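Before any comments, here is the structure.
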């Protein structure tokens with residue numbers, strides 16, 4: 001059985017319940033914000049009792065970084081989990097002149113890389129507690145599905161809690 005719905009029928013006066021459901025789905029899409037100020041993110045994590053997820057990316061030159069963002073970080077499954085469990089921090093290292101970050105942010109990201117990404121691998125993603133201790137580290141695009149990735153985050157966080 002194939003179900004097809006066109007926009008006209010969804011918003012037709014004859015199907016108000018379906019119209020309401022479509023509107024709810026539109027507004028239930030999760031949006032997560034990525035912080036760039038690491039110290040502010042640590043404080044936010046502490047205040048909200050969440051973990052930090054620090055992602056090192058090369059937004060304008062790293063293909064695996066873009067794939068990881070598109071396939072994992074932009075997925076509704078990840079966003080839903082992150083919305084209530086994580087404070088997200090992106091340390092970006094763009095190469096193109098037009099994409100360069102402000103000097104202070106470049107210096108902060110360099111300092112974060114010296115501490116957390118000494119290999120210089122991209123993408124590298126870390127789960128940190130509020131003190132900055134590494135609980136789990138992924139180098140490259142995680143293996144498996146988005147569900148697997150979220151489960152790994154959750155297991156590392158719970159292992160820390162016990």
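Given a Förster distance of 22 Å, report the FRET efficiency between residue 154 and residue 46 from their Cβ-Cβ distance, rounded to the nearest 0.05. With a Förster radius of 22 Å, E is 0.65. Going from the residue with the fewest nearby Cβ atoms within 10 Å to the one with the most, 56, 72 rank 72, 56.
The ellipsoid that matches the Cα gyration tensor of the stretch 31-161 has semi-axes, each √(5λ) in whole angstrom, of 22, 18, 13, with the longest given first.
Considering only alpha-carbon pairs that sit under 8 angstrom and 6 or more positions apart, the relative contact order computed for the stretch 31-161 is 33 percent.
Every read-out reported here was derived from the displayed coordinates using simple, explicitly stated rules and does not represent laboratory data. The shown structure was predicted, so the numbers you read here are calculated from the model rather than taken from an experiment. Neighbour counts are summed over all protein chains in view; Cβ atoms, including those assigned to glycine, are modelled from backbone coordinates with ideal geometry.
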